[in-house]
1. Pairs under 9 Å by beta carbon, first residue free of Cβ contacts under 8 Å to residues at least 60 places away in the same chain in segment 1-28, partner open to solvent by 90 Å² or more (accessible area, probe 1.4 Å) and not aliphatic (A, V, I, L, M), six or more apart or different chains?
2. May I ask you to list the residues in segment 100-141 that are loosely packed, with under 10 Cβ neighbours inside 10 Å and in contact with a helix residue (DSSP H, G or I) (Cβ under 7 Å, 6 or more places away or on another chain)?
3. Filter segment 55-97 for residues that are under 16 Å from the mean Cα position of the chain (by Cα), of a type outside the set (A, V, I, L, M) and open to solvent by less than 40 Å² (accessible area, probe 1.4 Å) and give the result.
4. Only one of (1) under 22 Å from ALA65 (Cα atoms); (2) modelled with pLDDT of 70 or more; (3) of a type in the set (A, V, I, L, M, F, W, C) is not met by LEU28, so which one is it?
Amino acid sequence: GLIRVIAYGQCLCTTLILIMDSSQNLPLVLYKQSKEIEDPRWYHKLRAIVARKESLFRATACFVAFVGLFVNDFFFAIHLLGLISKSSVLKNVVVAVTQNGKSLVLTAMLGCIIVYLFSLIGFAMFQEHFEDACATLSQCV
């Protein structure tokens, strides 16, 4: 159906983009790398290629497109993560969440404590409604 046609188009587009990016940028990367290291070995070249984030992103997108085509359609949803690299607002959201991870965890713990306190108050004030289910708070937990 239509999804298969779009899947083939996605595979074709990501493959073409990867080929164009590789043909344009990889010779420059390898040339710069050959100036830095005398007689570079294959693993030096591979490290220089993998170190370029754009090439790695495009190769991953191409791989995921083919996995989505041959394994499961849900893998195409991974391409939506590419929107993060295009939007400065989404980049700021990712930075805010990852750099303030400790604050977020502490905020979640505070939320759990508040919910627990309200549960205690509710059990104490409405204990007659809990008699059938549990007589003490520890039995309810």
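The values are calculated or read from the model by the stated rules, or taken from the named source; none is laboratory data. Bear in mind the structure is a predicted one, so any value in this text is a computation, not a measurement. Using ideal geometry, Cβ is built from the backbone for each residue, glycine included, and neighbour counts are taken over all protein chains shown. Protein only, heavy atoms only, side chains kept; ligands, DNA and RNA dropped before computing areas. Shrake-Rupley method; radii C 1.70, N 1.55, O 1.52, S 1.80 Å.
1. Note: pairs meeting the criteria are THR14/PHE63; ASP21/GLU54; ASN25/GLU54.
2. Answer for segment 100-141, where residues must be loosely packed, with under 10 Cβ neighbours inside 10 Å and in contact with a helix residue (DSSP H, G or I) (Cβ under 7 Å, 6 or more places away or on another chain): just ALA133.
3. GLY82, SER87
4. Here LEU28 clears every test but (1).
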